[in-house]
């Protein structure tokens, strides 16, 4: 187990003394040991060059507004194995548009130009992140998913994929099937209706 600085240990002890919010981490809220979020392949469609607009709203690409598909909020926290928020971590997501196309030359470069396709946010002291994007859709050979990467300074802490709970295509997806039950549960989340669209909560645990 890595040795944590004394200040982080004190913060973690204080956090453990009170009930943790459910959005922080289900395991932490139940007093269970934390395990890192399972790693998944980056895939072939990470942007060759980042788009001019890389903010947290993937439905507004510059002046263009994307109105296709199902809008969704994807949010959560980035914490370490002790349950301490990893302030300063950068969370990136990228995904295909409503028609299953990525902004990538390897996918024909035919993604809808109104869809940003990639976004990144830097988390604050609370470790929280939030994106406005699409509920992911399937394309040939893959179940719906959103790619997620976490960086801290120059270090890449995690690359994984977020899956949709209850999606029939999960059972046919090679990457999803390859995980055990615990790993699947960590990266498969429900998209539930809310007053401002669908919402998915995806807590991220990293070894920082």
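The values are calculated or read from the model by the stated rules, or taken from the named source; none is laboratory data. Since we're looking at a predicted model, the values are computed, not measured. FYI the Cβ positions are ideal-geometry reconstructions off the backbone, even for glycines, and counts take in every protein chain you see.
Miscellaneous remarks
- The stretch 155-208, subset loosely packed, with under 13 Cβ neighbours inside 10 Å and under 23 Å from residue 132 (Cβ atoms), residue nearest to the chain's Cα centre (by Cα): 190
- Pick from the stretch 135-154, criterion assigned to a loop (DSSP other than H, G, I, E, B) and touching a residue at least 60 places away in the same chain (Cβ under 8 Å), ranking: surrounded by the fewest Cβ atoms within 10 Å (Cβ to Cβ): 153
- For beta carbons closer than 8 Å, sequence separation of 6+ or different chains, a first residue in the stretch 31-52 that is free of Cβ contacts under 8 Å to residues at least 60 places away in the same chain and a second that is surrounded by fewer than 15 Cβ atoms within 10 Å (Cβ to Cβ), the qualifying pairs are 31/16; 48/105; 52/62.
- Scan the stretch 46-68 for residues that are under 19 Å from the mean Cα position of the chain (by Cα) and closer than 16 Å to residue 136 by Cβ and the total you get is 3.
- Filter result for residue 80 (under 17 Å from the mean Cα position of the chain (by Cα), within 19 Å of residue 155 (Cβ to Cβ) and either at pLDDT 95 or above or surrounded by 19 or more Cβ atoms within 10 Å (Cβ to Cβ) (or both)): yes
- Candidates 108, 119, filtered to the one that is closer than 20 Å to residue 187 by Cβ and either at pLDDT 95 or above or surrounded by fewer than 21 Cβ atoms within 10 Å (Cβ to Cβ) (or both): 119
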